[in-house]
1. Tell me whether segment 309-327 contains one or more residues that are out of contact with any Cys (no Cβ under 6 Å at 6 or more places or on another chain) and either among the hydroxyl-bearing types (Ser, Thr, Tyr) or not assigned by TED's automatic domain parsing to the domain that holds residue 369 (or both).
2. Considering only residues of segment 350-392 that are assigned to a helix (DSSP H, G or I) and hydrophobic (A, V, I, L, M, F, W, C), which is farthest from residue 215 (Cα to Cα)?
3. Out of segment 191-208, which residues are part of a strand (DSSP E or B), farther than 9 Å from residue 235 by Cα and of a type outside the set (S, T, N, Q)?
4. Working carefully through the options 233, 254, find the one that is crowded, with 20+ Cβ neighbours inside 10 Å, within 18 Å of residue 118 (Cα to Cα) and either touching a Lys or Arg at 6+ places or on another chain (Cβ under 7 Å) or not aliphatic (A, V, I, L, M) (or both).
5. Find all pairs meeting these conditions: Cβ atoms under 6 angstrom apart; at least six residues apart or on different chains; first residue within segment 244-256 and touching a residue at least 12 places away in the same chain (Cβ under 8 Å) and in the same structural domain as residue 171 (by TED's automatic domain parsing); second residue of a type outside the set (A, V, I, L, M, F, W, C) and surrounded by 13 or more Cβ atoms within 10 Å (Cβ to Cβ).
6. Out of all the residues in segment 209-231, is one or more in a loop (DSSP other than H, G, I, E, B), assigned by TED's automatic domain parsing to the domain that holds residue 37, modelled with pLDDT of 90 or more and in contact with a strand residue (DSSP E or B) (Cβ under 6 Å, 6 or more places away or on another chain)?
7. Across segment 333-347, what is the total count of residues that are in contact (Cβ under 8 Å) with a residue 40 or more places away in the chain and surrounded by 15 or more Cβ atoms within 10 Å (Cβ to Cβ)?
8. How many of the residues in segment 238-275 are part of a helix (DSSP H, G or I), closer than 17 Å to residue 178 by Cβ and not hydrophobic (A, V, I, L, M, F, W, C)?
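The values are calculated or read from the model by the stated rules, or taken from the named source; none is laboratory data. Please read all numbers here as calculations on a predicted model, not as lab measurements. Cβ placement follows ideal geometry from the backbone for every residue including glycine, while neighbour counts extend to all protein chains displayed.
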Amino acid sequence: MENFKYIDGGSVTSPLGFTANGICAGVKPSNTTKKDLALIYCEKVCNSAAIFTKNLVKSDTIYVTKKHLENGTAQAVVVNSGNANACNPDGYEKAEKMCKLAASALGVDENDVIVASTGVIGQPLPIEPIEKGIENLKGTLSKDGGTFAAEAIMTTDTVKKEWAVETVLGGKKVTIGGIAKGSGMIHINMGTTLSFVTTDAAISAEMLKSALKEAADVSYNMVSVDGDTSTNDTLAIMASGLAGNAEITEKNEDYKNFVKVLTDAFKKVAKKLAADGEGATKLLICKVSGAKDEQAAKTIAKSIICSSLVKAAMFGADANCGRILCAVGYSGAEVDVHKIDVSYKSAKGEILVCKDGNGLAFDEDKAKEILLEKEIEIIVSLRDGNGSAEAYGCDLTYDYVKINGDYRT
């Protein structure tokens, strides 16, 4: 039985001490009223940590945030959508300016501000609407503002991603909440998205960083929409400690429980990110079992979920096991190809299409019925060890090309 429960309508403001809001400041084109600027604030300085994209081309917001988190503390987040503030000669200066503006409005140290941006790369970030927007946001932060912050960080997302969960640590009720964005330019290579997590648990910055990595490795790092890793990927967490539990400073049972809850939440977000992939009509969940070890299972699951041919076949509801076997074969993992079983599963049932590495005759009509559902499991059994893993992706559709063919214009 799980020792945690999700909060209906929960968000990044659910933990004690946190407020937020999001507004339309005008960073995005003037013909839209979509929100594009968010603030998240805690009433006290928090132990904090973050992990970032591994792309060598990075937004200057990442360099500024890394510098601000060197001491393991933060008190606020300022983030805009509509412009990535990446590949700009004045990007670092503007990222620092955003921190100064937020710090002044909130009455906090500018070095305790996390900054992030998302949107078009290589275009100068207009600082004037951000300056006015932060001034407008001042004094409007609230416990109900988490959902507006979630809307403000969206780009091509079609739905906002927010959540909150309660658990017990050290005999005290602890809440963890978060918001995330991601639809395109998402690929396995942490962080795959912008995601901001808050908690009222008392936990050291060192343990936060470790927990963040453990949870992300089997969730965010197992998502791929299109094979492109963003320049802006940031996953940050702030802990207020207001829940009153004994501070977690080592990998004890409370730490393990914290990681368990964080991992469950992150997996739910990972599925939401994959399902909301640009142009996507289906969520794909690849489940690999029986691999030589966990790393081999992860490598194979990633290879399958990243395959353009697999993604296209799922869009067309084509139960072609050859696409799966091909992706297993070039994954680089050690596999006995004569032991591979493949099946497809959805709400309409399950069908085995490959046994012992060989394709089977199967009911094509039944297979198509299964693959026309919105959520599809690709189940791969290797019968070669105890390693298992899941990866999350989506189908590849005509609309993905349409969206990205004129993304900037």
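1. no
2. Of everything passing the filter in segment 350-392, 367 is farthest from residue 215 (Cα to Cα).
3. Passing the criteria: only 203.
4. On inspection, the qualifying residue turns out to be 233.
5. 244/172; 245/170; 245/172; 246/170; 248/254; 248/255; 249/204; 254/170
6. no
7. Total satisfying the criteria: 4.
8. So the count comes out to 7.
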